[in-house]
Amino acid sequence: MDLQLHVQNILTPILSAAPPHANRTILLGLSGGVDSIALLNLLHQWALKNSWSLRALHVHHGISPHADSWAAFCADSCKKLNVPLQVERVNIAPLRAMGVEAAARQLRHAALLSQSADYIVLAHHQDDQAETLLLQLLRGAGVRGAAAMPVVKQVMAKQTIVKQIVRKMTHTKILLRPLLDVPRNELVKYAQAHGLQWIEDESNADDRYPRNFLRHRVLPILEARFPAYRATLSRSARNFAEASELLDELALQDWALQDLNQHAPVNKAILEVSRLSKLSSARGKNLLRYFFSRLNVPIPDSTQLEEMLHQLCYARSDAAVCVNFGGWQVRRYRGKVYVAPMQLAWAENVAENFCVTWRGESSLPIPQLGGTLHFQSVSGQGISLQKLQLKPVTVRLRRGAERIRPHAQRPTRTLKNLLQEHAIPPWQRDRLPLLFCGEELVWVAGVAIAENYWSEPGETGMQLVWNLD
């Protein structure tokens, strides 16, 4: 294969369509193995020809005793090509419960997505695709899982990032896999022909890991009988991907998504139970899968989806429906489905006297509540800045007996009644940030502003927005 031409044919149509304001930088995930070293060389040539900048990121897991030497090798390989390299050190220990492979993969993914580059290039090849498809099938995956890895994938902003990676995504990323149709042996030939060196991860020989067991025990037998299995399984993955797109289009029709605000923050996305209850079981589960994928939520297995669908649609109207799956929770309230990670929505109790002071910042991170309070200066709208400056401004949680008067022509209301009136789910009420000026309740997130704090026409006001991270 002419790999340089292959990479050119994959990347050029995609990157030439980049908007004018895009950062013309591509970021390579560099492990130091033959696949990523070959791709480093290929991308270096492509970037020079097409006036793009190339950077690389090496994730140092600290699992192998050779991890430091691998990082040094990657640094040396990049230095020879004058390619900037960043080494991201991560701690796998807190995630070991999900397995070493899965934890390392999640940390790598998070580290890559936390970078500033709009385009991230990965060195997955045809052998990886075949192994991924087989692993997904052995896990009982559906059509979406069997689609394995796409050549191009858009990762939306606000996707949850592993907590150990401090920096968060701020905008949409594009993941590119230009070698997905290239067998590994072609990469080895290319590396040898160009005198490239690479490292061998000793864990790749450990067949206790499922992927290695397939690679060393199963696939050689399969290849002896079906020499073209890599290309055949890759073709199957593409067929599954097409089927998955059709199922997404069906879910889109079932959800009538065009009536919803697609630009709303994903933590506010909800699903009407009435949409689910009108569908067959198969279409209901398909709609739930689409709902979860839109929120970047791990998709439950078929048994969990069946139980979810049954409880959401058929539990008593006054039942407190709550289904746990893989660190997430699905709940039902007033005919709507809510989903959120447990650690954000229903984490450990915050101290009763919780209080954060605002000192004029435009953004006030409140990690105890899993979000950030944004203050935007506006004219003649929002909360009067002049009045806020009269007394200390704090953010607290409700403690009971709070009252606020949202409208001049209406009486003062209890906070409890207002939250019920605005259909704030019960499990969210104790985590809703409240803004006080002195001891007076001024603002309730997404619910009300005290009428005596509204800014006058022409006066500087503060527009407050509460966003979950």
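Values as computed for the structure displayed
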{"item": "Whole-percent pair-distance distribution, where bins are 5 Å wide, for the alpha carbons of segment 3-232", "result": "1, 6, 13, 18, 20, 19, 13, 7, 2, 0, 0"}
{"item": "Euclidean distance between Cα centres, segment 391-469 to segment 1-61, Å", "result": "49 Å"}
{"item": "0 to 90° range, to nearest 10: angle between helix 67-81 axis and the chain longest Cα axis", "result": "80 degrees"}
{"item": "Violating pairs (Cα-Cα greater than 29 angstrom) within the set Lys79/Lys189; Lys336/Lys387; Lys79/Lys173; Lys49/Lys153; Lys278/Lys416", "result": "Lys336/Lys387; Lys278/Lys416"}
{"item": "Total charge dipole magnitude, the chain, about the Cα centre, Cβ charges on Lys, Arg, Asp, Glu only, Debye to nearest 20", "result": "760 debye"}
{"item": "Bins of 10 Å from zero: percent of alpha-carbon pairs in the chain", "result": "4, 16, 24, 23, 17, 10, 4, 1, 0"}
{"item": "Ser281 paired with Thr372, simple spin-label distance in nm, labels 7 Å along Cα-to-beta-carbon", "result": "4.5 nm"}
{"item": "Distance histogram for segment 419-469 (every C-alpha pair counted, 5 angstrom bins, percent rounded to whole numbers)", "result": "4, 16, 26, 24, 17, 8, 4, 1"}
{"item": "Added length on full extension, which subtracts the Cα-Cα distance from 0.36 nm per residue, Trp427 to Asn185", "result": "81.7 nm"}
{"item": "Estimated distance in nm for a label pair at Thr394 and Thr232, the labels positioned 7 Å out from Cα along Cα-to-Cβ", "result": "7.0 nm"}
{"item": "Trypsin sites (Lys or Arg not before Pro), loop per DSSP, at most 13 other Cβ atoms within 10 Å - longest free stretch of the chain", "result": "1-138"}
{"item": "On Cα atoms only, tilt of 281-294 relative to the major axis of the chain in degrees", "result": "90 degrees"}
{"item": "For segment 355-468, the spread of Cα positions along each principal axis, largest first, Å", "result": "37, 36, 22"}
{"item": "GluC sites (Glu not before Pro) restricted to DSSP loop in segment 170-243 with at most 16 other C-beta within 10 Å", "result": "Glu200"}
{"item": "Rough spin-label spacing in nm, given labels placed 7 Å along Cα→Cβ, for His60 and Glu272", "result": "5.4 nm"}
{"item": "Helix-derived mean residue ellipticity, 222 nm - over the chain, DSSP H n ≥ 4, -39500 (n - 2.57), to 500", "result": "-11000 deg cm²/dmol"}
{"item": "Theoretical gain in end-to-end length, Ala315 to Glu456 [0.36 nm per residue, Cα-Cα removed]", "result": "45.9 nm"}
{"item": "Potential lengthening between Asp206 and Gln45 on full extension [0.36 nm per residue; Cα-Cα distance subtracted]", "result": "54.5 nm"}
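Read-outs: derived from the displayed coordinates by stated rules, not from any lab. Quick caveat, the model's predicted, so the values are computed rather than measured. In this analysis, Cβ positions are derived from the backbone assuming ideal geometry, glycine residues included, and neighbour counts consider all displayed protein chains.
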